[in-house]
Every structure is written in C-alpha cells, then in structure tokens.
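Contents: one structure, followed by commentary.
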Amino acid sequence: MGFRSMATALDRTVLDCAQILNYRQGLILLDHGLRLGGNREWLESACADLAGARGVTAFRKALAFANPLSESPGETLTRDAIARLGFPDPVLQLRVQTPGGAYRFDFAWPHLRTALEFDGRAKYFD
C-alpha cells in the first residue's frame, strides 16, 4: 500500500488557517501567502462568502492590510506597528542608488528622507 498525500491549494490553506488565527498571526500568514502567489481576489471572494462565520472579522481585517512585499514575519509585524502608531504608510522595499552602491530599504518615507530596516535574529545568528 503506497503513501497518498492529500493537500489543499495555497489559497484554500491560507483561508482555512487565517480563520483560526488572531489578526496578527493571520496577517503574517496572508502576507506570506500572497508573496508565494496567492490570489487576493479569490481570498476576498471567499471571505465575502463567509460573512458571519467564526474568525472572518480578523481575517477580513488582515486581508485588507496584507501586502506581499513584506518579506518576513518581523517585517509584517513592524509594518503593523507603524500603522497602529499612526505613522504614514511607508514605501516597502524601496531601492535607492547612491554613489556608494545600490541599497534596498524595508520601509521608507522618501519625502522625509527616512528609512527603516528590520533585521531579525536569523540574519545574524543563523
């Protein structure tokens, strides 16, 4: 008897998991799912079909804020904190060319000439 693997598609998995997670956990999952190629329109449609279901309020809120440009859970949570603190929305993953070379900032406010990087423990201790 052989082993049979059964799995759900990315969008379905994200939908199912996000419904049982809190807002911040769901946001991390949604950012990553969209980064992997998840279909935002399908998720929005599925969310509308779940009106009133358990977990759909947090899912809807997370989906509205989800952004595939966040490259790690730390970046996702930093972006959420920036928004909760009332700062203007940053430009994500801004590339800047300088005489010293090219750089990419996780969060940037070009009009303020300000940038922010999130570097987690894994960058230094992995």
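Structure data summary
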item	result
For Val91, Val56, Val96, order by how many other beta-carbon atoms lie within 10 Å, fewest first	Val96, Val91, Val56
For the stretch 54-69, 3J(HN,Hα) per residue [Karplus equation, 6.51 cos²θ - 1.76 cosθ + 1.60, θ = phi - 60°, Hz, x = Gly/Pro]	4, x, 6, 5, 5, 4, 4, 5, 5, 5, 5, 9, 4, 8, x, 7
Longest to shortest principal axis, alpha-carbon extents of the stretch 1-66, angstrom	44, 25, 20
Only Lys, Arg (+1) and Asp, Glu (-1) charged, at Cβ; the stretch 69-126 dipole about Cα centre in debye	140
Extension gain, Thr98 back to Arg12 (0.36 nm per residue minus Cα-Cα distance, nm)	26.7 nm
Per-pair calculated FRET efficiency, R0 = 35 Å: Arg4 and Ala83 via Cβ, rounded to 0.05	0.20
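Each value in this text was obtained by applying a stated rule to the coordinates, not by laboratory testing. Note that the structure is a prediction, hence the values are computed from the model and not measured. Ideal geometry is used to build each Cβ from the backbone, glycine not excepted, and the neighbour counts take in all protein chains shown.
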